[in-house]
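Notes follow once the structure below has been shown.
Just so it is clear, none of the values below were taken in a lab; they were calculated from the coordinates. If you're wondering where the values come from, they're calculated on a predicted model, not measured in any experiment. Please note: Cβ atoms are built from the backbone with ideal geometry, for glycine as well, and neighbour counts cover all protein chains shown.
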Amino acid sequence: MSLKILYTDSTNIDFIRLIKLLDDDLNERYGELQKQYDKHNKVDYINDVVIIYNDEVPVACGAFKEHNIDAIELKRIFVTKENRRQGLSKLIISELEKLGRNKGYKYALLETGIKQHEAINLYRSTGYKIIENYEPYRGNSNSVCMEKHL
């Protein structure tokens with residue numbers, strides 16, 4: 001396994017392909033319910049994207065955007081099915097947190113779905129705590145919001 005990490009933005013074609021696979025997975029899990037989240041998953045102007053390549057093949061990605069002056073929101077974290085359980089998601093999270101810290105942010109926030117138990121367990125294992133849902137997920141019982149001090 002030969003890993004390479006690329007720091008890029010949301011216009012990267014490999015990122016766009018990976019998040020298409022993520023959207024397919026989410027649509028399979030949630031069906032029609034996923035449509036209410038589509039507007040929150042737009043990546044038109046995200047400057048901070050990390051892609052992991054394994055032997056030159058894009059296999060994992062993640063991004064963040066500013067939530068407020070102190071916090072970033074992690075977005076679009078995904079590892080292809082055949083590359084899971086190798087620590088790549090933790091590496092993506094670590095790289096995004098490092099980028100956020102280097103830019104002066106103090107916290108990282110994220111939202112995931114209640115049916116994504118593996119994601120919730122991943123985030124807990126990397127130090128995230130469940131918090132009250134923040135906007136635009138406030139009042140949405142299908143969302144789980146989490147936070148970590150950087």
So which trypsin sites (Lys or Arg not before Pro) in the stretch 40-136 are both in a DSSP loop and have at most 16 other Cβ atoms within 10 Å of their Cβ?
Lys42, Arg84, Arg85, Lys103, Lys106, Lys115
Sum of -39500 (n - 2.57) over DSSP H runs of 4+, divided by residues of the chain (222 nm, nearest 500):
-9000 deg cm²/dmol
For each pair in Lys20/Lys90; Lys20/Lys106; Lys4/Lys75, compute the distance between the two Cα atoms and list the pairs where it is over 28 Å.
Lys20/Lys106
So how long is each side of the chain along the principal axes, counting just the alpha-carbon atoms, biggest first, in Å?
43, 37, 29
Select from the stretch 88-150 those GluC sites (Glu not before Pro) which occupy a DSSP coil region and have at most 10 other Cβ atoms within 10 Å, ordered by residue number.
Glu132
Counting only other residues whose beta carbon sits under 11 Å from that of Gly104, what net charge do I get with K and R as +1, D and E as -1?
+1
Please compute the Kirkwood hydrodynamic radius of the stretch 70-114 from all pairs of different C-alpha atoms, in Å with one decimal.
11.6 Å
Rounded to whole Å, give me the distance from the Cα center of the stretch 97-150 to that of the stretch 1-20.
22 Å
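Report the antiparallel proportion of the DSSP beta bridges in the stretch 3-149 as a percent, rounded to a multiple of 5. The partial results should precede the final answer.
Numbers: 30 of 33 bridges.
About 90 percent, rounded to the nearest 5.
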